[in-house]
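To start, the structure itself, in structure tokens.
The values are calculated or read from the model by the stated rules, or taken from the named source; none is laboratory data. The structure displayed is predicted, hence computed values, not measured ones. Every residue, glycine as well, gets a Cβ built from its backbone with ideal geometry; the counts of neighbours run over all protein chains shown.
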Amino acid sequence: MSEIDTLIHARWIIPVNSSRDILEHHSLAIHDGKILAILPRAEAEQQYQPKQIKDLKGHALIPGFVNTHGHAAMSLMRGKADDLELMDWLNNHIWPTEAKWVNEQFVHDGTRLAIAEMLRSGTTTFSDNYFFPDVSAATAHEAGIRCQIAFPVIDFANRWAKDAEQHLHKGLEVNDQFRNQPLVNVAFGPHSPYAVSEDALRQVAVLSDQLDLPVQMHICETADEVSQIRERTGKRPVHYLEELGLLTPRLQCVHMTQLNDDDIRRIAEYGCHILHCPESNLKLGSGFCEVTRLKKEGINVALGTDGCASNNDLDMLGEMRTAALLAKVVGKDMSSMGAYEALECATLNGAKALGLDATTGSLEVGKSADITAIDLDVLECAPLYNPASQIVYASTRNQVSHVWVEGQLLLDDRNLTRMHESELIETARDWHHKITSKA
Ligand SMILES: [Zn+2]
């Protein structure tokens, strides 16, 4: 018998592999943070002597969710301004609050709260785009969750940087600082075609090519943005970005609710990724991303929650269900985004978009043990014909019981192992008090 770190016995394992398997009564062996084997339970019991065993009799193991787009620290503004149009929401509520309150402590506390919420809903990798990215990266590293830190590049001054040039300079320092942290990946996060100058966008294109770093940007979020860019440049946003050299397989396009045939052709041709954030698009009334069409063109579509202030949660199970339902209406195709496909969008496609699919996104031997367990032995999921369907269409995040990142157990029977819930709630209350009493 060989000694290993952890052996998980599960009722189902949904590896999210190319053959779309659903394994029953299998076990997953973890050693040195990696998936060592996935095999029938009886064989696993004969073969391995684990230091830790989890016997999850009514659970499904899936790859941890990859939340490809968000602004973690904005969790401290959850519910502060709702039911508004995007530019009104940004100009009159979010940006003024940020100008007044965002500092290192805000980012630390908000990011921690967001990470706790994400772990408790099964996310093992998240992408962040926010001020003080060095603080977000350090907070994620300390929490043990995998992340992509897309450092912001924006023209206007804020407490982190005064102009686009300084954003780039400080962002590249963050890249150097976290170069040797395997859980932290750094990317460029130019805000949008309308909030970053042409010069700065050209610089991002050149630097991302030189350093082989991804670029994540809000693109074609609203119809207004498209008109604004067309007025300024004579081109639609996607065409404009093509001319700046930004359309590459490293580009992660967030939202994309306003695409025409020409835009879709360019995105497919360059192999850019689309990060679909349906709940944020719905809440801000931005429009619909035509996922069914994009997928038919072979474009990789992944899911993100966006920031908590426009969602208002960081729940990938909820996002996945919304995406699956919406795809049928928008694509006028009931078979569009079936349950297994929705799981792919929330896991493996996200890892592909972030360039992390060799490491995470599916449960396969040799990949990192980034795993989420969902308890399906509950009356809300009875009877159970198909666990993938039950996860996508009938489960809530309260059923997420265990989460491992790189083999480390970060959520144990719904308890966070490295953070205290009561402390997180207390800190959020303090911020609420500060922000509202002096606003
Ligand atoms: Zn966003």
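Could you count how many residues in the range 306-321 are part of a helix (DSSP H, G or I) and within 16 Å of the ligand (Cβ to nearest atom)? Spell out how you get there, then give the answer.
Restricting attention to the range 306-321, the residues satisfying the condition of being part of a helix (DSSP H, G or I) are 308-310, 316-321.
After this cut, where a residue has to be within 16 Å of the ligand (Cβ to nearest atom) as well, the list is 308-310, 316, 319.
Count: 5.
Restricting the search to the range 16-45, which residues are free of Cβ contacts under 8 Å to residues at least 40 places away in the same chain, part of a strand (DSSP E or B) and of a type in the set (A, V, I, L, M)? Even if it seems obvious, please write down each step before you answer.
Of the residues in the range 16-45, the ones free of Cβ contacts under 8 Å to residues at least 40 places away in the same chain are 18-19, 21, 23-27, 29, 39-45.
Narrowing the set further to residues that are part of a strand (DSSP E or B) leaves 23-27, 29, 39-40.
Those that are free of Cβ contacts under 8 Å to residues at least 40 places away in the same chain, part of a strand (DSSP E or B) and of a type in the set (A, V, I, L, M): Leu23, Ala29, Leu39.
Given Ala353, Ala342, Ala327, which one is crowded, with 23+ Cβ neighbours inside 10 Å, aliphatic (A, V, I, L, M) and within 16 Å of the ligand (Cβ to nearest atom)?
Values: Ala342 fails: within 16 Å of the ligand (Cβ to nearest atom); Ala327 fails: within 16 Å of the ligand (Cβ to nearest atom).
Exactly one residue qualifies, and that residue is Ala353.
On the given criteria, is Leu294 assigned by TED's automatic domain parsing to the domain that holds Leu86, within 16 Å of the ligand (Cβ to nearest atom) and touching a strand residue (DSSP E or B) at 6+ places or on another chain (Cβ under 9 Å)?
Details: assigned by TED's automatic domain parsing to the domain that holds Leu86: yes; within 16 Å of the ligand (Cβ to nearest atom): no; touching a strand residue (DSSP E or B) at 6+ places or on another chain (Cβ under 9 Å): yes.
Criteria not met by Leu294.
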| remark: So, first residue touching a residue at least 12 places away in the same chain (Cβ under 8 Å) in the range 237-256, second residue in a helix (DSSP H, G or I) and within 15 Å of the ligand (Cβ to nearest atom), Cβ within less than 8 Å, six or more apart or across chains; the pairs are Pro237/Glu225; Gln252/Ala353; His255/Ser280; His255/Asn281
| task | Kindly list the number of the only condition in (1) under 22 Å from Gly64 (Cβ atoms); (2) away from the ligand (no atom under 16 Å from the Cβ) that fails for Ala302. | result | (2)
| request: Identify all residues within the range 262-291 that are over 24 Å from Gly361 (Cα atoms) and either part of a loop (DSSP other than H, G, I, E, B) or within 13 Å of the ligand (Cβ to nearest atom) (or both); write none if there are none. | output: Asn281, Lys283, Leu284, Gly285, Ser286, Gly287, Phe288
| request: Scan the range 83-117 for residues that are farther than 24 Å from Lys162 by Cα and at pLDDT 95 or above and jot them down. | output: Arg112, Leu113, Ala114, Ile115, Ala116, Glu117
| Could we say that Leu259 is away from the ligand (no atom under 15 Å from the Cβ), buried (at least 24 other Cβ atoms within 10 Å of the Cβ) and more than 23 Å from Leu86 (Cα to Cα) here? | no
| When you go through (1) without any contact (Cβ under 8 Å) to a residue 40 or more places away in the chain; (2) assigned to a loop (DSSP other than H, G, I, E, B); (3) among the acidic types (Asp, Glu) one by one for Glu426, which number turns out not to apply? | (2)
| query | Here are some conditions: (1) under 22 Å from the mean Cα position of the chain (by Cα); (2) farther than 22 Å from Leu284 by Cβ. Glu242 meets all but one. Which one does it not meet? | reply | (1)
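Looking only at residues that are among the charged types (D, E, K, R) and either in contact with a helix residue (DSSP H, G or I) (Cβ under 6 Å, 6 or more places away or on another chain) or within 18 Å of Ala72 (Cα to Cα) (or both) in the range 291-318, which one is surrounded by the most Cβ atoms within 10 Å (Cβ to Cβ)? It would help to see each step written out before you state the result.
Going residue by residue through the range 291-318, those that are among the charged types (D, E, K, R) are 293, 295-297, 306, 313, 315.
With either in contact with a helix residue (DSSP H, G or I) (Cβ under 6 Å, 6 or more places away or on another chain) or within 18 Å of Ala72 (Cα to Cα) (or both) added as a condition, the list becomes 297, 306, 313, 315.
Working: Glu297: 13, Asp306: 29, Asp313: 17, Asp315: 25.
So, considering only residues that are among the charged types (D, E, K, R) and either in contact with a helix residue (DSSP H, G or I) (Cβ under 6 Å, 6 or more places away or on another chain) or within 18 Å of Ala72 (Cα to Cα) (or both), the one surrounded by the most Cβ atoms within 10 Å (Cβ to Cβ) is Asp306.
Report the residue count in the range 53-77 for those that are in a loop (DSSP other than H, G, I, E, B), within 16 Å of the ligand (Cβ to nearest atom) and not polar (S, T, N, Q). Lay out the reasoning, then the answer.
Just the residues of the range 53-77 that are in a loop (DSSP other than H, G, I, E, B), to begin with: 64, 68-71.
From what is left, the residues that are within 16 Å of the ligand (Cβ to nearest atom) are 68-71.
Narrowing the set further to residues that are not polar (S, T, N, Q) leaves 69-71.
Residues in the range 53-77 being in a loop (DSSP other than H, G, I, E, B), within 16 Å of the ligand (Cβ to nearest atom) and not polar (S, T, N, Q): 3 in total.
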| Which listed residue, of Lys100, Lys80, is charged (D, E, K, R) and part of a loop (DSSP other than H, G, I, E, B) | Lys80
